[in-house]
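Following: one structure in structure tokens, then a few remarks.
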Amino acid sequence: MKNIYMIGIGLIGGSFAIDIKKNNPNAIIHGISRKDETLNKALTLNLIDKKATLDDIKNADLVIVSIPVDATVKLLPTILDKIPETGLVVDAGSTKEAICKAVEHHPKRRNFLACHPIAGTEKSGPTAAISGLYIGKTNIICEVEKTTFKLQEKALKLFSDIGMRIRYMDPISHDKHIAYVSHLSHISAFMLGKTVINKEKNERDIFDMAGSGFESTVRLAKSSPAMWTPIFKQNKENVIETLEEYIHNLQQFKELMEQDNFSEIFKEMENTNYIKQILNGIN
């Protein structure tokens, strides 16, 4: 794949661009963005070779869409309208059901592969892009059977070359599970950060007293609201369900504290320590 178009050149798209170029030196990486300053920055950082527009994707071998999920839903049908018959469109959205539904009846649905690379940091924009972001990370692919087999093969080779593992899921299951393991984590970080800011008015006290535990827990609160608000909106029902369960557990913990039932608190934490084995097994 020689002509590759990146729609969105932040952390996700930019990191894809770096590693794809590393493995395919002859590839020409074209950047598409609403903001010219983003394209200029991407050029300066050598993330892209050229600026481009949507009309240019008629020449694309591959288009990677890594923009907020609400924008993806709106733009994806137009992208497929313009893509050549041999071209492949891949998205990197954190929700999948709405995106897949947006193109389920599109005449070029076979040219689209719905993906969610489980990778990232709390940083955003072209300067956040890094080499090796996807090594050892999982890429969830939804409705793979709806994509032309030859294009599937090209995509899987590209993902394999940059070190990714592949997992297949249906969009509904994806959105339900990701609400627990990703979306709830971000909400928790945002709300913990808010709680501390509201309670601790002295910023110096927060800075001086915050240890590594606090820093690692609220790290996700530095994530982009412009990206995460549409994710919560698209996955609203699943996110609300996870919040109800999370709030129930918090309330139960509070009640145990009020009852001085620290033996039960010990058991709760000990049982939850099992998460270490699960995560060690994944890593």
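In table form, for the structure just shown:
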item	result
Cross-chain or 6+ apart pairs with Cβ under 7 Å, region 4-23 first and assigned by TED's automatic domain parsing to the domain that holds Ile48 and more than 16 Å from Asp36 (Cβ to Cβ), then at pLDDT below 95 and β-branched (Val, Ile, Thr)	Leu11/Thr121
Unmet requirement for Ala189, which otherwise passes all of (1) touching a helix residue (DSSP H, G or I) at 6+ places or on another chain (Cβ under 7 Å); (2) modelled with pLDDT of 95 or more; (3) part of a helix (DSSP H, G or I)	(2)
Filter result (over 23 Å from Lys2 (Cβ atoms), touching a residue at least 40 places away in the same chain (Cβ under 8 Å) and surrounded by fewer than 24 Cβ atoms within 10 Å (Cβ to Cβ)) within region 105-125	Ile118, Ala119, Gly120, Thr121, Glu122, Lys123, Ser124, Gly125
Answer residue from region 111-167, given it is among the acidic types (Asp, Glu) and touching a helix residue (DSSP H, G or I) at 6+ places or on another chain (Cβ under 8 Å) and is nearest to Leu11 (Cα to Cα) among those	Glu122
Set Ile67, Ile57, Ile79: member being modelled with pLDDT of 95 or more, of a type outside the set (D, E, K, R) and more than 21 Å from Ala98 (Cβ to Cβ)	Ile57
Members of region 71-101 found to be over 23 Å from Ile29 (Cβ atoms) and surrounded by fewer than 18 Cβ atoms within 10 Å (Cβ to Cβ), listed by number	Lys74, Pro77, Lys101
Restricting region 216-237 to residues that are touching a helix residue (DSSP H, G or I) at 6+ places or on another chain (Cβ under 8 Å) and of a type in the set (Val, Ile, Thr), the residue that is modelled with the highest pLDDT	Ile231
All positions within region 32-53 that are closer than 24 Å to Lys74 by Cα and either of a type in the set (Ser, Thr, Tyr) or in contact with a Phe, Trp or Tyr (Cβ under 8 Å, 6 or more places away or on another chain) (or both)	Ile32, Ser33, Thr38, Ala52, Thr53
Ser173, sole failed condition from (1) touching an Asp or Glu at 6+ places or on another chain (Cβ under 9 Å); (2) in a helix (DSSP H, G or I)	(1)
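The values are calculated or read from the model by the stated rules, or taken from the named source; none is laboratory data. A quick note: this is a predicted structure, and the numbers were derived from the prediction, not measured. Don't worry about glycine lacking a Cβ; one is built from the backbone with ideal geometry, like all the others, and counts go over all protein chains shown.
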